[in-house]
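The structure under discussion appears below in the form of structure tokens.
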Amino acid sequence: MPDLQNSFSFFLHRIMLSLLILGAVTVVSAHAEVHQGQEIEVEFVAETTAAVPGQTLWLALRLEPTEGWHTYSKWPGDSGDATFIREWNLPEGVTAGDIQWPIPEWLPFPGSDLVTYAYENEVFLPIPIQVPASFQAETLPISAHVEWQVCDLICIIEDAEIRVVLPVSNQAQADQRWTEAFAQTRANLPSSDHDIKALFAVAGERVSFSFESAEGVFGEISDAWFFPENRRVLKPGPLRLLSLNDQHIQITHAQHRRIEAGLQEVPGLLKIADTQGNVQGFLLTAEAANADNLASLTALAANAGSSGNAGNPANANLLLIIVFALAGGLILNLMPCVFPVLSLKVMSFARHGETSGREQKLHGLAYTAGITLTFMVLASILLSLRAGGEAVGWAFQLQSPWFIAVLIYLFFTMGLSLSGVYEFGTGMMGIGNRLTERQGYQGSFFTGVLATVVASPCTAPFMGAALGFALSQSWLVAMLVFFFLGLGMALPFLVLSFSPRLLKFMPKPGQWMETFKELMAFPLYATVLWLLWVLGMQVGINGMVVVIASCLLLAFGLWLLQQRNTAQGFWRTITAAVCALSVGGALYALTLPQLETRQLSVAEAGSGGAAVAAFEPYSRQRLDELRANGQPVFINMTAAWCITCLANEQTTLSSAQVKEVMDEMGITYLKGDWTNQDPEISQILDEFNRPSVPLYLYYPADPAAAPVILPQILTPSTVVEIFRQNS
């Protein structure tokens with residue numbers, strides 16, 4: 001019996017001793033101070049229950065902000081600073097590595113244009129601790145002076161000494177309290193092992209990042225963000241343009257006003273998300289696009305599909321798109337912006353009415369070549385600009401006040417020539433003295449060039465789908481579509497030049513042509529007035545007056561040049577010098593600051609003084625608010641240089657019928673102006689695969705309902721019918 005009692009006592013003693021030891025270990029391993037800050041808890045946690053000499057101990061700095069508050073990542077965003085460790089206090093021989101940063105969230109700041117890259121919920125920041133093999137103490141005390149910011153509508157900056165003490169053992173087990181947190185954190189760490197090639201280009205006021213991967217990591221992604229490590233790269237704001245496909249991502253932002261000149265590298269984090277909500281991150285360094293890699297960037301952008309899916313024609317039948325392009329180009333001849341140039345072409349046909357059939361055909365081919373080549377050149381420039389980060393679309397050249405001013409000079413000078421102020425002897429536009437055969441063909445070619453340039457503000461029916469398709473395809477496919485678009489526009493005159501029977505109905509050359517030539521000056525002057533109005537919308541009244549004064553200088557200079565033909569001796573030299581000064585002054589005016597783009601109020605945009613329905617300026621934020629509140633919304637994307645837009649506003653959107661229905665149905669009218677470049681409008685145009693304005697959208701009251709795209713040519717009955725059918 002005593003033996004049994006002794007055995008039981010010994011067994012009980014061992015159990016108690018084991019419990020005491022376990023209790024002591026538990027006390028030591030749990031000896032982590034949780035700092036209770038303002039709106040946040042901060043502490044060190046360890047992945048294992050003990051530290052093992054010669055092995056890496058993984059700690060994590062755990063930050064758990066109050067609901068609605070957030071902390072910041074190493075990628076700075078527009079505000080806030082990352083959590084950082086100012087100073088470590090470690091036993092001799094023990095060293096700490098760098099913080100491993102999980103992928104942050106893209107977090108727009110309410111009520112502002114700021115975006116931060118932050119952690120809204122509890123976050124674990126892993127840190128490797130190297131414990132030397134020679135370490136012999138029974139415990140490992142670790143402490144560090146940590147600073148952090150926790151923010152909601154305000155920011156609180158705090159710092160504290162954070163401590164943890166771990167037992168030292170020959171082996172360690174995973175601490176079950178933190179196993180899942182460490183696993184999830186590691187899964188959310190960005191990868192450096194990838195094949196992604198990153199380039200960036202700074203162009204105009206934009207900075208565009210292009211990412212290419214052949215490994216398929218971009219397959220089925222629905223969104224992407226780039227977080228640069230340098231704060232002075234992106235302009236504050238949530239606005240960005242996004243283009244996605246299986247092998248390529250392009251992200252375009254407005255550039256920071258103090259972006260570093262000659263920037264060659266931008267390190268950062270590329271974050272992508274798929275349709276299931278899964279997130280991946282990639283650490284990389286984007287290199288500046290240069291002569292060697294810009295061609296690659298352009299090709300990638302040309303192949304990039306739109307991020308939107310509404311109205312996406314990417315899978316459309318190419319033959320059908322070609323038919324659309326041909327029809328759209330044909331209808332362009334009926335658009336008012338093309339009339340002045342076409343009238344000159346009609347006069348050119350009358351002038352060559354008695355030439356041989358072969359010459360007529362060559363004139364028709366030269367005119368066709370001028371149109372098709374100009375379409376293809378404009379398309380190539382457009383694709384390159386988009387690849388370089390410019391938020392541009394079709395008719396992009398008319399968003400440049402300098403280009404508008406040059407067109408004004410050109411049309412005004414042509415009008416003066418037709419009015420007899422000055423006769424061009426070089427065959428410009430086939431007008432003036434009788435041309436040699438070669439000069440005549442050059443005139444036909446240049447007529448096609450000019451017709452295309454002035455036709456670009458117009459988007460005819462069928463043309464929008466063709467352009468949207470072309471800009472989402474490879475360069476070769478895009479050029480094919482633009483070729484047929486140009487062919488459609490040239491087709492009436494091409495058919496006329498190849499049809500002797502039709503040419504017989506053309507009037508014979510005679511004295512009437514001089515009167516007709518002078519009459520044709522007035523459509524050109526009307527075009528000048530329209531372009532001046534567009535310029536005034538872009539740069540204001542002062543810029544418009546500068547160009548009008550320059551036109552006066554041009555007129556005076558050309559008149560002097562004509563007088564020089566009859567002047568003698570000294571006066572001939574004087575008239576030539578004054579003429580050169582006048583023309584030089586007009587050209588110098590193009591460099592004046594008065595021709596810089598000003599910010600246009602949307603109230604001025606596109607209405608031309610029409611009493612249209614009351615509207616609000618378009619913004620994505622306002623659209624989202626209205627949709628969330630279940631309000632129907634009508635969107636009008638317009639521009640001052642868009643003839644179709646102006647015609648629709650004058651004849652339809654300003655009609656009492658449309659305004660009454662909008663009031664009756666409680667439809668909110670949003671208008672966006674694209675007269676000058678606006679990346680937010682470019683974004684919605686890309687979303688609906690529209691290369692240019694006009695774009696008309698109706699969002700029904702049901703927030704889940706898809707938007708309805710209205711035709712490009714509107715009538716009051718069409719608009720009212722769409723509103724009522726989709727109410």
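A few comments on the model shown:
- In the range 633-654, the residues that are closer than 14 Å to G672 by Cβ and at pLDDT 85 or above reach residues that are β-branched (V, I, T) and open to solvent by 10 Å² or more (accessible area, probe 1.4 Å) with C-beta atoms within less than 8 angstrom, at least six apart or across chains, in these pairs: V633/I667; V633/T668; F634/I667; F634/T668; L653/V612.
- Residue within the range 663-671 that is more than 30 Å from T527 (Cα to Cα) and in a loop (DSSP other than H, G, I, E, B) present: yes
Residue-by-condition table, conditions (1) open to solvent by 80 Å² or more (accessible area, probe 1.4 Å); (2) within 13 Å of S417 (Cα to Cα):
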| position | (1), (2) |
| --- | --- |
| M520 | no, yes |
| I541 | yes, no |
| L560 | no, no |
| A577 | no, no |
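- Residues that are without any contact (Cβ under 8 Å) to a residue 12 or more places away in the chain and within 30 Å of P593 (Cβ to Cβ), drawn from the range 515-529: L529
- Breaking point among (1) over 26 Å from C645 (Cα atoms); (2) of a type in the set (S, T, N, Q); (3) open to solvent by 20 Å² or more (accessible area, probe 1.4 Å), for S550: (3)
- Any hit, the range 119-138, residues being under 30 Å from the mean Cα position of the chain (by Cα) and aromatic (F, W, Y): yes
- Per-region count, the range 100-123, residues part of a loop (DSSP other than H, G, I, E, B) and either open to solvent by 30 Å² or more (accessible area, probe 1.4 Å) or under 30 Å from S619 (Cα atoms) (or both): 13
- Conditions (1) free of Cβ contacts under 8 Å to residues at least 40 places away in the same chain; (2) crowded, with 21+ Cβ neighbours inside 10 Å: number failed by L695: (1)
- Residues (at pLDDT below 80, part of a helix (DSSP H, G or I) and in contact with a helix residue (DSSP H, G or I) (Cβ under 8 Å, 6 or more places away or on another chain)) located in the range 553-575: L561, Q563, T575
- Summed over the range 265-286, the residues that are open to solvent by less than 20 Å² (accessible area, probe 1.4 Å) and either aromatic (F, W, Y) or not in a strand (DSSP E or B) (or both) give a count of 1.
- Qualifying residues in the range 157-206 (those that are closer than 18 Å to A224 by Cα and among the polar types (S, T, N, Q)) - the one surrounded by the most Cβ atoms within 10 Å (Cβ to Cβ): N188
- Residue count for the range 124-162, restricted to those that are touching a Pro at 6+ places or on another chain (Cβ under 6 Å) and in a loop (DSSP other than H, G, I, E, B): 3.
- Residues in the range 685-727 that are under 21 Å from S655 (Cβ atoms) and among the acidic types (D, E): E721 alone.
- Hits in the range 226-264 - residues which are more than 15 Å from the chain's Cα centre (by Cα), open to solvent by less than 30 Å² (accessible area, probe 1.4 Å) and of a type in the set (V, I, T): V233
Matching residues to (1) at pLDDT 80 or above; (2) part of a helix (DSSP H, G or I); (3) among the hydrophobic types (A, V, I, L, M, F, W, C):
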| site | (1), (2), (3) |
| --- | --- |
| L491 | yes, yes, yes |
| L494 | yes, yes, yes |
| R501 | no, yes, no |
| M513 | no, yes, yes |
| V528 | yes, yes, yes |
| M537 | no, yes, yes |
| G543 | yes, yes, no |
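- Filter result (farther than 24 Å from D195 by Cβ and not polar (S, T, N, Q)) within the range 241-262: L241, H253, A254, H256, R257, R258, I259, E260, A261, G262
- Candidates E680, E649, E687, filtered to the one that is within 27 Å of V453 (Cα to Cα), in contact with a Ser or Thr (Cβ under 8 Å, 6 or more places away or on another chain) and open to solvent by less than 10 Å² (accessible area, probe 1.4 Å): E649
- Restricting the range 57-68 to residues that are open to solvent by 30 Å² or more (accessible area, probe 1.4 Å) and closer than 14 Å to E120 by Cα, the residue that is nearest to the chain's Cα centre (by Cα) is G68.
- Screening the candidates L189, L199 for the property of being among the hydrophobic types (A, V, I, L, M, F, W, C) and outside any strand (DSSP E or B) yields one hit, L189.
The values are calculated or read from the model by the stated rules, or taken from the named source; none is laboratory data. Keep in mind that this is a model prediction, so the values were computed, not measured. All Cβ positions, glycine included, derive from the backbone under ideal geometry; neighbour counts span all protein chains shown. These area figures cover heavy atoms from the full protein model, side chains too; ligands, DNA and RNA do not enter into them. Shrake-Rupley method; radii C 1.70, N 1.55, O 1.52, S 1.80 Å.
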